[in-house]
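Q: Structure below; questions to follow.
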Amino acid sequence: MHVLRTPDDRFADLAGFPFEPRYATVSDPDGGTLRMHYVDEGPRDGPPILMCHGNPDWSYSFRGLIRHFADAGYRAIAPDMLGFGRSDKPADRRAHSIERHVDWLRELVVGLDLRDATLVCQDWGSTMGCGVVALEPDRFARILVANGILHTAEPELAGRLPPGYSVHALNDREVCVGVDMLAWLARSQRMPGLKASQSVSGLCREKAAPEVHAGYDAPFPDEDHMVALRQFAMLIPLRPDDEGAVLNRRTWQALGAFERPLLTVYGDSDPCTGGWEGIFQERVPGAKGQPHVVLEGAGHFLGEDRPEDFARHALEFVQST
């Protein structure tokens, strides 16, 4: 497997991200190994909180939560998915699938022997993180889904998601895909000079500082390093029988038996994940009776628009359950 590694100097002196890099080894499907980066702050014997990011971000997006959790005595762990952040970046698009990213994350969780853990997951991190919960349910005490997604393209999603970002089957031969979803799929493949920070600009209510944009762009010095960023858009299941949809239905089935607490925290101004909170609340037994949160004036990146509120609700959830 051809693998790229972002030079270390790209991560020097990033705004609000002073954390020491740590690395684990996960399996290369061709028989070798890959390096997976993760942040690990706070006491090693503290209750673990695993934070899983989405696309096109990396552990940098959790920098505020990392600090709050560590200061409160928790072990704050934030990995970078392969292809993102300081983790190795497989250069072949075919290396990136939902199943493979779930397996890589599972290797990290098992390798660190995380137990009684809290999963905090955002965007694609909800797909991968909940995928690991489905495989290792006894390791997790609770889940916080923040602007999370778990696509299946099933007909039951009709009318439940933002019209522009809906994806659901109409019948055995037809599928409805929203115009904004189609635009994102096209832009992710065709747009030259695509940058991670463009998503931060477009999906935040608050204008992020230039140094924050630099933090999101740090892992991607050139087009060669952006394979995962572009490929993740193509992992969105467009048919119920897509490989990712089948895998995500397996995850939903496991979540249907998850009776430990699950909290949803969503921004009221996120154009692409609204509606998913209701689906998590309905399908997961542990979501019943929880004080689910909609953050006013928050877009897709809660840690940028409402960092203090996001951290407060997350800490209250962990401490109260």
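Q: Mind ranking 47-55, 27-35, 313-321 by how tightly packed they are, going by the mean number of other C-beta atoms within 10 angstrom, highest first?
A: In decreasing order of mean packing, 47-55, 27-35, 313-321 become 47-55, 313-321, 27-35.
Q: Please give, to one decimal in nm, the separation of the simple spin-label points placed at residue 136 and residue 115, each 7 Å out from Cα toward the Cβ.
A: For residue 136 paired with residue 115, the spin-label model returns 1.3 nm.
Q: If you don't mind, there's one more thing I want to ask. Stretched out fully, how many nm does the piece from residue 173 to residue 189 gain, at 0.36 nm a residue minus the Cα gap?
A: Separation in residues times 0.36 nm, less the Cα-Cα distance, equals 3.2 nm.
Q: Another question about this same structure. Can you list, by residue number, the Cys in the chain that have no neighbouring cysteine C-beta under 4.7 Å?
A: Unpaired cysteines in the chain: 130, 176, 204, 272.
Q: Next up: With the contact rule set at Cα under 8 Å and sequence spacing of 6 or more, what percent relative contact order holds for region 3-320?
A: Relative contact order for region 3-320 comes out at 19 percent.
Q: Once fully extended, how much extra length lies between residue 308 and residue 288, figured as 0.36 nm per residue of separation less the alpha-carbon to alpha-carbon distance?
A: This chain segment gains 4.7 nm when fully extended.
Q: Please report the relative contact order for region 146-226, taking Cα pairs under 8 Å with a sequence separation of at least 6, and give it as a percent rounded to a whole number.
A: 16 percent
Q: Then there's this: Restricting to the chain, what percent of DSSP beta bridges are antiparallel, rounded to 5?
A: Approximately 40 percent, going by the DSSP bridge assignments.
Q: What number, in percent, do you get for the relative contact order of region 72-180 if the mean sequence gap of Cα pairs under 8 Å and at least 6 apart is divided by its residue count?
A: In percent, rounded to a whole number, it is 17.
Q: Mind checking which lysines have their Cα closer than 19 Å to the Cα of residue 195? Skip sequence neighbours fewer than 8 apart in that chain.
A: 89, 207
Q: Okay, next question. When the chain is fully extended, how far beyond the present Cα-Cα distance does residue 234 get from residue 211, taking 0.36 nm per residue of separation?
A: 5.4 nm
Q: Same structure, new question: Distance from the Cα centre of region 1-54 to that of region 184-252, in angstrom?
A: With region 1-54 and region 184-252 each reduced to a Cα centre, they are spaced 19 Å.
Q: Then there's this: If you filter region 176-245 for trypsin sites (Lys or Arg not before Pro), then keep DSSP loop positions with at most 14 other Cβ within 10 Å, what is left?
A: Counting only loop positions with at most 14 other Cβ atoms within 10 Å, the trypsin sites (Lys or Arg not before Pro) in region 176-245 are 207.
Values in this text are rule-based calculations from the coordinates and carry no lab data. This is a predicted model, so every value here is computed, not measured. Glycine gets a Cβ as well: all are built from the backbone with ideal geometry, and neighbour counts include every protein chain shown.
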